[in-house]
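Below is one structure, written out as structure tokens; comments come after it.
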Amino acid sequence: MKLIIGNWKLNPESLSDAVKLASKVKRESPYKVVLCPPTVFLTSIDYPNRGAQDCFWNEKGAFTGQVSPSSLAKLGIKYVILGHSERRNLGETDQQINAKAYAALKYKITPVICVGHGTTVDLDDLEVVDIIKAQLDVAIQGLSPKKIIVAYEPVWALSSGDPYATKKVASPDHAERIALFIKRKYGNVPVIYGGSVNAANAKEFMSQHNIDGCLIGGASLKPAEFNKIIS
Ligand code: PGA
């Protein structure tokens, strides 16, 4: 079953808005739908599948501000987004992402490991593949491809509102080719796509043979639009 993950990032600001938002998201879908609210709202929203936006590589100890994978597991959390470009921008490394993924798997949480190239739209497929390979060689080293999900997110396409800024890069065709590369190289790992997916373009990405779902930011905060996508 293909997967749709709503990444709320640091939204909304209040608990009541978070509860309201989750209550408006449809439960019926041909896809597995996972909502990833900010950590402070994880236990308050009512939705069948919930995911975290990060976790730490140790389960407990002197690590101020970190989120424990074992605590997440005890709350029934089944997915965790790791290595999002917004965290990589703050200094997160592929080694750290790898350690976090190991920790998540230890507690039966599926890591959704994000990779993507930088801020330019001018790279061709081969250059993109080089960058992704450098990230994945470290980030998923030693992990079973059956137990993880890779999210391909061209960084420039995130939150742009326009994934077709140049059709050359984040077209569904391009995403499909990159997904195929990742599967061939890393043992048929599930690959989802993220980057300004919305109600108008989701179907094209979702219908690609090698794309196993979408990671959706902005559109997951608009219930009417998100419900169209998950329908
Ligand atoms: P976007 O975000 O859908 O708003 O581009 C996706 C993401 O950052 O995961």
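Each reported figure results from applying straightforward, stated rules to the coordinates on display, with no laboratory input. Remember, it's a predicted structure, so these values are computed and weren't measured experimentally. Because the Cβ atoms are built from the backbone with ideal geometry, glycine has one as well, and the counts that use them run over all protein chains shown.
Electrostatic tally near ARG87: other residues with Cβ closer than 13 Å to its Cβ, Lys and Arg +1, Asp and Glu -1, net -2.
The order of PHE41, PHE205, going from fewest to most other C-beta atoms within 10 Å of their C-beta, is PHE41, PHE205. Dividing the convex hull volume of the alpha carbon atoms of the chain by its residue count gives 113 Å³ per residue. Along the stretch 11-24 the Karplus relation, 6.51 cos²θ - 1.76 cosθ + 1.60 evaluated at θ = phi - 60°, assigns HN-Hα couplings of 9, x, 8, 10, 4, 5, 5, 5, 4, 4, 4, 4, 5, 8 Hz to successive residues, with x for each Gly and Pro.
Taking Lys and Arg as +1 and Asp and Glu as -1, the other residues whose beta-carbon sits under 15 Å from that of PRO48 total +4. Taking a ≥ b ≥ c as the square roots of the Cα gyration tensor eigenvalues, the stretch 28-146 comes out prolate, since a/c reaches at least 1.5 and a/b is larger than b/c.
Peptides 50-56, 17-23, 88-94, 191-197 ordered by packing proxy, namely the average of other Cβ atoms within 10 Å per residue, highest first: 191-197, 50-56, 17-23, 88-94.
Distance between the C-alpha centres of the stretch 1-29 and the stretch 63-140: 21 Å, rounded to the whole angstrom.
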